[in-house]
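*Asks:* To start, I am sharing the structure in question, which I have written as structure tokens.
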Amino acid sequence: MNALRFLTIGNDMTDLIEMEGIGKTFAGIVALNDARLSIRPGEVHAIIGQNGAGKSTLIKILTGVYRRSAGDVRMNGAPLAISTPREAQDAGIATIYQELSLVPLRSVTENVVMGYEPRTRFGLIDWTAAHARTREILARFGVDIDVTRQLGSYSTAVQQLVAIARAVSLDAKLVIMDEATSSLDDQEIETLFAVINTLKATGVAVLYISHFLDELYRICDRVTIMRDGQTVNTHRVAETTKLGLVSEMLGRDASEIQAAGLTALSGGHGEPGEVLLEATEIRSKTGLRGASFTLRRREIVGLGGLLGSGRTEAARAVFGLDPLTGGTVRLSNGAPLDTPAAAIAMGIGFLTEDRKADGIIPDMSVRENITLAMLPRLKRLGAVDRERERKLVQHYIDALQIKTAGMEQPIRELSGGNQQKVLLARWLALEPEILILDEPTRGVDVGAKFEIQSIIRKQVADGLSVLLISSEFEELVEGADRIVVLQDGRSVTELHNPGVTESALIGAMAHHADAPDTKRSPL
Amino acid sequence: MSDTFSIDLRRYLRGGGHSFGVWVALVVVIVFGLMRYENFGGAYNISSFLNYNAMFIVIAVGMCFVILTGGVDLSVGSVAAFTSVVAAYLSPFGIQVALPGAVLAGLAIGGINALFVVALRIPPFIATLATMLGAKGGALVISGAQTIAIDWGSNFTKLGMEKAFDLLPWSIFITAAVVIALWIVLERTSIGRTVLAVGGGEDAAGMMGLHVNRAKVFVYILSGGCAGLAGVFLASGFGAGQPLEGIGWELSAIASVVVGGTLLTGGVGSVGATVAGALLLGLVFNILNFENGRGVISLSAYWQMVIRGGFLFAVILLQSQLSRQPKGPQG
Amino acid sequence: MTRTLTSFCARFDPARHGAPLALVVILLFNLMVTPYFLQPQTLFVNISQVATIAIVAMGMTLVIATGGIDLSVGAVMALAGALAPLIFLSNFAAAHPTLGLVAAIVVPILLALCCGVFNGVLVSLLGVQPIVATLIFFISGRGLAQVLTNGNLQTFTHPSFSYLGTGRVLGLPFQGWLVLAIGAVLTWIVARSVFGRQLLAVGGNERAARLAGIPVHRVKIGAYVICSGLAGLAGLIVVAINSASDAARIGNLMELDAIAAAVVGGTLLQGGRAPIFGALLGAVIIQLVKYTLLANGVADEVALIAKAGIIIAAVYLQQARKE
């Protein structure tokens, strides 16, 4: 122990946090295996990696949400034993999670002081002092709001800043920001960066997790790359190139990436047929402000844009989930689409972005999950035609190579990639004309990703039309025949393959009269 | 951003604004009663109304805390029946023993609920359903399924009958003290705020480092204690421990809490509005009595349940309109 | 030996095997201890007592499978049970006996179905929490029944109507056969029908079900309607058994018994599972425990405590299994 300590001090005297050989398994599945992380006081340190690389798990171990299965954590050289979020906070580690860990129903002040409220002489909470303290901290970030109002009545950006204010009020030594900018607009991001610089100047370290590489170059000092539950490397940001970071994240050679492309999709080579769907100037309460696009037979049309640009909203509107307040969606046969059931009946399928919340019925079998959307077609005298159902399910299990112990296995026991294939099978089984794919390969491993992309390509060759939403640029750039770029709920431009490049897409997405020159390239 | 105002208004109404309606309704009903019935504002009516409703108010306030965490306590009626028997048995030793004894019994059953919900992770609905049956059985066992007369010679009888400060019965003062104390707990102590935070988002509260389990244990024990006190009032008000009473009280209490604007999912609500809700539901019966007393119409007592149900329906309709929220853009 | 025991324990699923195991234990215990347990009379008594709980519990199972709960079943029973004698004792029924009898059965059940529509619409279309939505009828339904009868106990002699509660088919009580028939139909619905599959999907993941084009509102309303209809039927049976109708007492606390039976039978409160046969078993177990204790001289009130223990044990085992 002494020797170890000596070693630590000798090597890296200034480390605020040091995590070594961290391992974590969930019910036999390895999530982390020999992960490392060291953070110095007053630095902004980024962690990057693909979905499933283990970033979140590592953070949650540091903040006491999970317990590690192996490894050591030290703070200022001393072993750190944290088993609850409370202990992490008391040790000076504050976290701002992607899904905000605040209580929107309660006031701003409560969210800042909760658990550490100032007291009056009688031991009761002193709200006057609490409000004052909250106002004072927020003022440091240039935020002037009514702190007695419900937190939920403010924008996400303000909520984010309130979360940071809470961290500051707790005298945090380390503030962890998990995808902090994913729902902010450009100006709000500037405010956030200013706050981060303020923190840095006062000696507070920031651990920054983001999908946006450009942000990293703007504010981070060092970057740690993770892949498959392991730490690959840590660099000074100034000494890296984007391509180098990407190749380390993917575990592939940089030159190979440039040559071969990243996906199994390739758009712009087929002969599209007649127009199947035409959305004209569609508007909705969910944020669409005039989006137009068409989709032809045997075509993949990508919807490009930043988060909040209206991609998912456009898909939902086409599928009849959110009512239109203006504009029209026309199918070749002209029927109105006002419910998912109507859309399905018209031959549209919708593979949603959030597999867990919107896709799988966890306790149901693979069989039941596959046939869920086509029950009306399997109906015979009110009952499900079991024989036809089994044949159909077996066909898709074979065709999509779904790895399952059998069609009766509950879907929750399958891996993410196979769950996604089951959901794809659910829609393909309907033999749709149009399939809307919202982040079809998110959160699945690389192998399954290629398989899913190949299936999609094959189906398109056979006559399917696809509306594709993806935050993975390669999927759009390489896969789509055309990309409709959305901004603030409007369609602004359209790019045609072959010939679309990543930089052209980024340029189209970022170019905006109000806020020029903010490039954000998500991975 | 164009419809910010309407969203804000809705959010406001979703929050504290909910309770506004119950106060308006309460004032309207009281004004109606005062104008229509001569003796409505009389000392006798006020005293007997509050004396009778004291136990329901106490139970509703305890229930309010449980519901604020997003839970529910179905056992309160049975617990009150059980502790009324305990109080009756202890009444010969005087109020100074019977009252704490019965409240302690209530706290203990609340502790069992807390154990089930927090340690065994049994859903509150089922856990408290079980203690409801258990407490009912317990009440019948210890009483031999008989009402247990209190000791008329002891000072226990003073609780519901003797007026404190020549004003109102002691039970009303005790209720008021409990209500005020719990109001302070909810508004001004960290356990109270934790209760609200847990209901507003249990995971978030945990991430913020709040003691989620401690808050849950607290509310179930508190609710048990409140039911225990209600049992004391029950015994003193009826002159006997009532093992068969308390049926459906839990649902009346939930109705009071909901009418008071507390979200059943937790996170938003107040002690004051809950008391207002309980008073409002109680007044329905009171008004009905007066109306029948006038002899113009004759509504049977059975109508009061129908009307209470109607009240609940109206409040729920209002709430469901208010809490409809447009979804923001996602991605 | 150890190995077989371990493998048995590993395969033991309390949700599936717990209830049958408990039933076997209770039966064995009774065979050994309870006097006259193997008499036909014992069987008849238990069947007629368990029938109403079982019928309501099976309907409750459907509602719980959607992730809901129905507190109004007892009140709906009272409503239907109070209405029936009003109809067959009316002048109309005296003039047209057959029509009167049919109306006395059909109209209360229709009324019950309407209650179900009300509950279902509140829960699905207005998004009111099931506990609160069904609380409305819980409070006012029994009041309405008492208003209808003016709170009076209605006694009657009406052999054809009483057949519902006292008739025998092949030597066994009629309502026992009714339970089996309803159980068979509901089991078929859950296991084989499109509606059943949609019901479980809605309970398993409502958002996903909606996106898959399932008519979520209609499915939920359907569950509440079936549950209320069965409660109405149970109310008629209670009245028929007693040849008397007391709005204050019919179906009192039935919601709790029904929920308890469903839970003991392996229904998850979160929804997504509807073991109809389990609910039946649950009702039988709860009835048998009560009977066992009574037959062995243990007081009724202790049986309540035993019931509480069974519920906690059943849910705890399910919970432990999940974690």
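*Asks:* Scan the stretch A:422-438 for residues that are within 14 Å of A:Asp358 (Cα to Cα) and assigned to a helix (DSSP H, G or I) and jot them down.
*Replies:* Once the filter is applied, which keeps residues that are within 14 Å of A:Asp358 (Cα to Cα) and assigned to a helix (DSSP H, G or I), the stretch A:422-438 yields A:Val422, A:Leu423, A:Leu424, A:Arg426, A:Trp427.
*Asks:* Say whether the condition of being more than 8 Å from chain B (Cβ to nearest Cβ), at pLDDT 85 or above, surrounded by fewer than 22 Cβ atoms within 10 Å (Cβ to Cβ) and not in a helix (DSSP H, G or I) is met by at least one residue in the stretch C:248-255.
*Replies:* Yes - at least one qualifying residue is present in the stretch C:248-255.
*Asks:* When you go through (1) of a type in the set (Ser, Thr, Tyr); (2) surrounded by fewer than 20 Cβ atoms within 10 Å (Cβ to Cβ); (3) closer than 19 Å to C:Leu199 by Cβ one by one for A:Thr328, which number turns out not to apply?
*Replies:* (3)
*Asks:* Now for a different question. Can you tell me which residue within the stretch B:133-155, out of those that are of a type in the set (Gly, Ala, Ser) and in a loop (DSSP other than H, G, I, E, B), is farthest from B:Trp249 (Cα to Cα)?
*Replies:* B:Gly153
*Asks:* If you don't mind, another one. Tell me, which residue of the stretch A:189-220 that is among the charged types (D, E, K, R) and surrounded by 15 or more Cβ atoms within 10 Å (Cβ to Cβ) is farthest from A:Ile61 (Cα to Cα)?
*Replies:* Across the stretch A:189-220, the extreme among qualifying residues is A:Asp214.
So that you can scan it fast, the table gives a plain yes or no per residue for (1) farther than 22 Å from B:Ala235 by Cβ; (2) surrounded by fewer than 19 Cβ atoms within 10 Å (Cβ to Cβ); (3) at pLDDT below 95; (4) not acidic (Asp, Glu):
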position	(1), (2), (3), (4)
B:Leu104	no, yes, no, yes
B:Leu133	no, no, yes, yes
B:Gly138	no, no, yes, yes
B:Ile142	no, yes, yes, yes
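*Asks:* Modelled with pLDDT of 80 or more, over 21 Å from the mean Cα position of the chain (by Cα), outside any strand (DSSP E or B) and among the hydroxyl-bearing types (Ser, Thr, Tyr): does that describe A:Thr234?
*Replies:* The answer is no for A:Thr234.
*Asks:* What number of residues within the stretch A:99-128 satisfy the criterion of being touching a helix residue (DSSP H, G or I) at 6+ places or on another chain (Cβ under 9 Å) and in a helix (DSSP H, G or I)?
*Replies:* 7
*Asks:* Of these, A:Ser101, A:Ser107, A:Ser69, which one is among the polar types (S, T, N, Q) and modelled with pLDDT under 85?
*Replies:* On inspection, the qualifying residue turns out to be A:Ser101.
*Asks:* I've got another one for you. When the residues of the stretch A:249-288 are narrowed to those that are over 18 Å from A:Ile434 (Cα atoms) and among the β-branched types (Val, Ile, Thr), which ends up modelled with the highest pLDDT?
*Replies:* A:Ile282
*Asks:* Further question on the same structure: Identify all residues within the stretch A:185-200 that are in contact (Cβ under 8 Å) with a residue 60 or more places away in the chain and over 23 Å from A:Ser471 (Cα atoms); write none if there are none.
*Replies:* Once the filter is applied, which keeps residues that are in contact (Cβ under 8 Å) with a residue 60 or more places away in the chain and over 23 Å from A:Ser471 (Cα atoms), the stretch A:185-200 yields A:Ile196, A:Lys200.
*Asks:* Right, here's the next one. Can you give me the number of residues within the stretch B:166-223 that are touching a strand residue (DSSP E or B) at 6+ places or on another chain (Cβ under 6 Å) and among the aromatic types (Phe, Trp, Tyr)?
*Replies:* Count: 2.
*Asks:* Check whether at least one residue in the stretch B:93-105 is within 8 Å of chain C (Cβ to nearest Cβ) and within 18 Å of the chain's Cα centre (by Cα), and report yes or no.
*Replies:* no
*Asks:* Do any residues in the stretch B:294-317 that are farther than 17 Å from B:Gly33 by Cα have Cβ atoms under 7 Å from those of residues that are outside any helix (DSSP H, G or I) and at pLDDT 80 or above, where the two are at least six apart or on different chains, and which pairs are they?
*Replies:* Taking only residues 6 or more apart or on different chains, the pairs are B:Ser300/C:Asn150; B:Ser300/C:Gly151; B:Tyr302/C:Gly151; B:Ile316/C:Val128.
*Asks:* Quickly run through the stretch A:53-89 and pick out the residues that are on the phi > 0 side of the Ramachandran plot and surrounded by 20 or more Cβ atoms within 10 Å (Cβ to Cβ).
*Replies:* A:Gly54, A:Gly64
*Asks:* Here's a follow-up. Can you tell me which residue among B:Leu167, B:Leu159, B:Leu140, B:Leu133 is more than 14 Å from chain C (Cβ to nearest Cβ) and touching a residue at least 12 places away in the same chain (Cβ under 8 Å)?
*Replies:* Answer to the check: B:Leu159.
*Asks:* To continue, here is another question. Of all residues in the stretch A:366-379, count the ones that are farther than 20 Å from A:Lys421 by Cα and more than 9 Å from every other protein chain (Cβ to nearest Cβ).
*Replies:* 1
*Asks:* Moving on to the next point. Starting from the stretch B:261-288, take each residue that is more than 14 Å from chain A (Cβ to nearest Cβ) and of a type in the set (S, T, N, Q) and list its partners that are surrounded by 21 or more Cβ atoms within 10 Å (Cβ to Cβ) and not in a loop (DSSP other than H, G, I, E, B), counting only C-beta distances under 8 angstrom and pairs at least six apart or across chains.
*Replies:* Filtered contacts from the stretch B:261-288: B:Thr274/B:Ala60; B:Thr274/B:Val61; B:Thr274/B:Met63; B:Thr274/B:Cys64; B:Thr274/B:Ser256; B:Thr274/B:Val257.
*Asks:* Within the stretch C:276-285, can you find the residues that are surrounded by 22 or more Cβ atoms within 10 Å (Cβ to Cβ) and more than 18 Å from C:Ala306 (Cβ to Cβ)?
*Replies:* C:Ile276, C:Gly278, C:Ala279, C:Leu280 - these are the residues of the stretch C:276-285 that are surrounded by 22 or more Cβ atoms within 10 Å (Cβ to Cβ) and more than 18 Å from C:Ala306 (Cβ to Cβ).
*Asks:* So, in the stretch A:78-97, of the ones that are in a strand (DSSP E or B) and under 25 Å from the mean Cα position of the chain (by Cα), which residue ends up nearest to the other protein chains (Cβ to nearest Cβ)?
*Replies:* A:Thr95
*Asks:* What are the residues in the stretch A:356-376 that are touching a strand residue (DSSP E or B) at 6+ places or on another chain (Cβ under 7 Å) and acidic (Asp, Glu), if any?
*Replies:* A:Asp363
*Asks:* A further question follows. Look through B:Val179, B:Val219, B:Val185 and report the one residue that is more than 14 Å from chain A (Cβ to nearest Cβ), surrounded by fewer than 22 Cβ atoms within 10 Å (Cβ to Cβ), of a type outside the set (Lys, Arg) and closer than 20 Å to B:Thr262 by Cα.
*Replies:* Every option except B:Val179 fails the conditions.
*Asks:* When you look at C:Val185, is it touching a Gly at 6+ places or on another chain (Cβ under 8 Å), within 12 Å of another protein chain (Cβ to nearest Cβ) and either part of a helix (DSSP H, G or I) or not aromatic (Phe, Trp, Tyr) (or both), yes or no?
*Replies:* Judged against the criteria, C:Val185 is not a match.
To keep it simple, each residue is scored yes or no on (1) in contact with an Asp or Glu (Cβ under 9 Å, 6 or more places away or on another chain); (2) part of a helix (DSSP H, G or I).
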| residue | (1), (2) |
| --- | --- |
| B:Thr157 | yes, yes |
| B:Phe173 | no, yes |
| B:Ile184 | no, yes |
| B:Val198 | no, yes |
| B:Phe233 | no, yes |
| B:Gly237 | no, yes |
| B:Val258 | no, yes |
| B:Gly261 | no, no |
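*Asks:* Another question, if that's okay. Just one of the numbered conditions (1) within 11 Å of chain C (Cβ to nearest Cβ); (2) in a loop (DSSP other than H, G, I, E, B); (3) within 30 Å of A:Arg297 (Cβ to Cβ) is not true of A:Ile361; which one?
*Replies:* Looking at each condition in turn, A:Ile361 falls short on (3).
*Asks:* Further question: Can you pull out the residues in the stretch A:485-501 that are crowded, with 17+ Cβ neighbours inside 10 Å and either of a type in the set (A, V, I, L, M) or without any contact (Cβ under 8 Å) to a residue 60 or more places away in the chain (or both)?
*Replies:* A:Val485, A:Leu486, A:Val492, A:Leu495, A:Val500
*Asks:* I would also like to ask the following. Whether any residue in the stretch C:223-240 is closer than 30 Å to A:Leu351 by Cβ and at pLDDT 95 or above is what I want to check.
*Replies:* Within the stretch C:223-240 (the criterion being closer than 30 Å to A:Leu351 by Cβ and at pLDDT 95 or above), the answer is yes, since at least one residue qualifies.
*Asks:* All but one of (1) closer than 20 Å to B:Ile184 by Cβ; (2) in a helix (DSSP H, G or I); (3) touching a Gly at 6+ places or on another chain (Cβ under 9 Å) hold for B:Arg214, so report the exception by its number.
*Replies:* B:Arg214 satisfies all of (1) closer than 20 Å to B:Ile184 by Cβ; (2) in a helix (DSSP H, G or I); (3) touching a Gly at 6+ places or on another chain (Cβ under 9 Å) except (3).
The values are calculated or read from the model by the stated rules, or taken from the named source; none is laboratory data. These numbers come from a predicted model, not from an experiment. Positions of Cβ are backbone-derived with ideal geometry, glycine not excepted, and every protein chain shown enters the neighbour counts.
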